[in-house]
Amino acid sequence: MRLTRGTLAAGAAVAALLALTGCGGGSDDKGAAAKETVPATATGSLEELAAEVKCKPSIQTDADEIRQGVCKIGAGKFILATFATDRGQREWLDGAKDYGGSYLVGAKWVAVGDQKMVTTLRGRLGGTLEQGTSHHAGGSGGTGTGHSGHHGG
């Protein structure tokens, strides 16, 4: 995979969002949409896709190959990225998945957030769900998912 400045910036943005949303490595499938009706996969610009879920994106990357913004809706925050090419989208996803998290993938777009968020978005945007790779140390998936730096007494 050829890393570009846009790809590296995207990876950093994904890592930052995952830190804000609690890392996103868990797989709590309670209420997972077993019989959920999924609409046809949405298409359009970053702003058009954001309008479908009633958010106004805060644009963070505006380049020829990728446009990326952060959206806030009632359910929380997520990153929405659109791509100029399918190949660019796949390269970005392949790199971003190393940071963990959950991904809703559409036609030249990706939404990134926690499992609950991408499941919610799928109900409006369609698409397919993909999971990143969690690299948390600690073995058996205990309750310490995250950043435990301040243990005071």
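Every number here is computed from the coordinates shown, using simple stated rules; none is lab data. Here the structure is a predicted model, which means the values were calculated and not measured. For neighbour counting, all protein chains shown are included, and Cβ atoms are generated from backbone atoms with ideal geometry for every residue, glycine included.
Quick one: grab the alpha carbon gyration tensor of region 40-131, order the square roots of its eigenvalues as a ≥ b ≥ c, and give me rounded if a/c is under 1.5, else prolate or oblate depending on whether a/b is larger than b/c.
Numbers: a/c = 1.35, a/b = 1.13, b/c = 1.20.
It is rounded, given that a/c, with a ≥ b ≥ c, falls under 1.5.
Under 17 Å from a label point set 7 Å out along the Cα-to-Cβ vector of residue 51, the amide N atoms of region 82-109 belong to 82.
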